[in-house]
1. Can you tell me which condition Tyr271 does not meet? The list is (1) under 26 Å from Asn374 (Cβ atoms); (2) without any contact (Cβ under 8 Å) to a residue 12 or more places away in the chain; (3) of a type outside the set (S, T, N, Q), and all the others hold.
2. Residue check: is Thr415 modelled with pLDDT under 95 and either under 23 Å from Ala219 (Cα atoms) or touching a Cys at 6+ places or on another chain (Cβ under 8 Å) (or both)?
3. Would you check if there is a residue in region 344-366 being within 16 Å of Glu409 (Cβ to Cβ), of a type in the set (Phe, Trp, Tyr) and in contact (Cβ under 8 Å) with a residue 40 or more places away in the chain?
4. For region 215-244, give me each residue that is crowded, with 23+ Cβ neighbours inside 10 Å, out of contact with any Gly (no Cβ under 6 Å at 6 or more places or on another chain) and part of a strand (DSSP E or B).
5. Applying the selection to region 85-136, what residues are polar (S, T, N, Q) and more than 30 Å from Val254 (Cβ to Cβ)?
6. Could you check region 249-294 and list, in sequence order, the residues that are within 25 Å of Val405 (Cα to Cα) and touching a strand residue (DSSP E or B) at 6+ places or on another chain (Cβ under 6 Å)?
7. For Thr224, work out the one condition from (1) touching a strand residue (DSSP E or B) at 6+ places or on another chain (Cβ under 7 Å); (2) under 30 Å from Phe371 (Cβ atoms); (3) in the same structural domain as Gly369 (by TED's automatic domain parsing) it doesn't fulfil.
8. Any residue in region 396-413 that is of a type in the set (Asp, Glu) sitting within a Cβ distance under 8 Å of a residue that is surrounded by fewer than 18 Cβ atoms within 10 Å (Cβ to Cβ) and not in a strand (DSSP E or B)? List the pairs, counting only those 6 or more apart or interchain.
Amino acid sequence: MAYDEIIDHHSALARAAGAGRVVADCGQDAFERGGFGAAGYDEFGVLPDGAVRASLGCGNPVAVAELRRGETVLDLGSGGGIDVLLSARRVGGHGKVYGLDASSDMLELARRNAEQDGVTNAEFLYGRIEQVPLPDRSVDVVISNCVINLSGDKAAVLAEAFRVLRPGGRFGVSDVVVDGVVGGVIDGVIDAAARAAAEQRIGCVAGALPVAGYRRLLAAAGFTGVRITLTADHGDGVHSAIVQAAKPAAPVKVEIRPMRDSDADQVLAIYQAGLDTGQAGFETLAPSWEGFTTARLPHLRYVACDTGTGQVLGWVAASAVSARPVYAGVVEHSIYVHPDCRAQGIGRALLAAFIAAGEDAGVWTVQSGIFGENAASLALHETLGFRVVGTRERIGHHHGVWRDVLMIERRSTVTGI
């Protein structure tokens, strides 16, 4: 469906639900075979009938989002409000839940349901999930229920989710995905006949991403700790799934995000400042931006930024150790922090985010070389699971002195084992 058709369709369903008709009515057996609706919940009996009647989800994101008292939650495509109302109960009176929907009819229905349920810590917003009308870093958790797959610009949706989450915030959604080569699915693309059959069964397939594609978009947005768990199998390679990820944790007033070309000058300035200490590496001059990017993997590049000024405070990036397939999961990394920002937890946050992203990408070994005199760097790496595996003695003549290099590595406990 086109965007306007999706909105019109869901608006009509909202009006039907408001008139007392059930727009999604399937028992648990039917849900497990591919029917969507309130049967995916085990606690909807406490909610207004209108919210239950308008449930069009493919799972229960509230159950997997691990909501805590006092948190702020955003539901993308909140529909009749069932997930907003359940979330409001979990976060309590000191928490807040936003429901965002592009259908005025759905918003009207959701507000009535919230009023009927006596919920006072929920607010429903009109808007598109590709342009969330909330400030940066304003929520703790983003949830959604069978809505992201309907967007024509999923990269924008995930970028917005990342933007509005606070550092350490969580992304936990139910969605529809395609997986493998089954029936009409080839490389995540459903042919027209299979798509029509799946839509007739579950009504929520158009635009569904392959699992690998979902992972790539989450990583590109900046998320780490990505987990996609297939749940109901709807046939033709179509599945309901739980999708979970996190925005990297960071010190107060710091955000960790993917490196951009616009960061070039600041990244290279921090690089040069590190080299000027004589303890960061054998180089004496930072490369050009073209040289920097050519030598490093296009992913696994992150910066730590001041949330007030946008200033880059540090960076981490990786290079492949070999083009041979056998070493596909082995990388060499570099990490630099602005000289004015050391001992503030920035290096640790950057390195932790890098490790998590690397494991998401299938990296099983991270390695590097550090001068023995660089005690701060050695201590940082040790706290995050690196170990010294050897010493290359007098390997380089640097500023008139022969230098030893300690070789360090970290082996993943979740990838390549």
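1. The failed condition is (2).
2. Yes: the conditions hold for Thr415.
3. So far as region 344-366 goes, yes, one or more of its residues are within 16 Å of Glu409 (Cβ to Cβ), of a type in the set (Phe, Trp, Tyr) and in contact (Cβ under 8 Å) with a residue 40 or more places away in the chain.
4. Thr224, Val238, His239, Ala241, Val243
5. Ser103, Ser104, Asn113, Gln116, Thr120, listed by residue number.
6. Once the filter is applied, which keeps residues that are within 25 Å of Val405 (Cα to Cα) and touching a strand residue (DSSP E or B) at 6+ places or on another chain (Cβ under 6 Å), region 249-294 yields Val267, Ile270, Tyr271, Gly274, Gln279, Phe282.
7. Tallying (1) touching a strand residue (DSSP E or B) at 6+ places or on another chain (Cβ under 7 Å); (2) under 30 Å from Phe371 (Cβ atoms); (3) in the same structural domain as Gly369 (by TED's automatic domain parsing), Thr224 fails exactly one: (3).
8. What qualifies is Asp404/Gly372.
The values are calculated or read from the model by the stated rules, or taken from the named source; none is laboratory data. Nothing here was measured: the structure is a model prediction, and the numbers come from that model. Note: ideal-geometry Cβ built from the backbone for every residue, glycine included; neighbour counts use all protein chains shown.
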